[in-house]
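In what follows, a single structure is set out as structure tokens and then discussed.
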Amino acid sequence: MFWTLELASHLEDAPWPATKDELIDYAIRSGAPIEVIENLQELEDDGGEVYEGLEDIWPDYPSQEDFFFNEDEY
């Protein structure tokens, strides 16, 4: 499983919290690249585990604090 910011961005508007199957369905319906669907299919599924956000799927997903700019300046 290999995530990039571009691939993960296709799940930002997903209906969180969601199960693995719901995320796969969302990715298919929203026209996400096949790599996103393949990554989701590789997730371990322990009987309907609910994911609260992208951080649950990709623990290294950068948060807003990881970027070094001040939004108030723009």
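Could you check, for segment 44-52, whether at least one of its residues is surrounded by 11 or more Cβ atoms within 10 Å (Cβ to Cβ), in a helix (DSSP H, G or I) and at pLDDT 90 or above?
Among the residues of segment 44-52, not one is surrounded by 11 or more Cβ atoms within 10 Å (Cβ to Cβ), in a helix (DSSP H, G or I) and at pLDDT 90 or above, which makes the answer no.
Return the total of residues in segment 60-74 being open to solvent by 100 Å² or more (accessible area, probe 1.4 Å) and either at pLDDT 80 or above or in a loop (DSSP other than H, G, I, E, B) (or both).
4
Looking only at segment 6-18, how many residues end up being touching an Asp or Glu at 6+ places or on another chain (Cβ under 7 Å) and of a type in the set (S, T, N, Q)?
Here the count works out to 0.
Pairs only if they're at least six apart or on different chains, beta carbon under 7 angstrom, first in segment 14-31 and farther than 18 Å from Glu55 by Cβ and at pLDDT 95 or above, second open to solvent by 70 Å² or more (accessible area, probe 1.4 Å) and assigned to a helix (DSSP H, G or I); list them, first residue then second.
These pairs meet every condition: Ile24/Gln41.
Name the helices (runs of 4 or more DSSP H) wholly within segment 1-42 that hold at least 1 residues that are in contact with a strand residue (DSSP E or B) (Cβ under 9 Å, 6 or more places away or on another chain) and not basic (Lys, Arg)?
20-29
The values are calculated or read from the model by the stated rules, or taken from the named source; none is laboratory data. Everything numeric in this text was worked out from a predicted model, so none of it was measured. Positions of Cβ are generated from backbone atoms using ideal geometry, with glycine treated the same way; all protein chains shown enter the neighbour counts. Please note that ligands, DNA and RNA were not included when accessible areas were found on the heavy atoms of the full protein model with its side chains. Shrake-Rupley method; radii C 1.70, N 1.55, O 1.52, S 1.80 Å.
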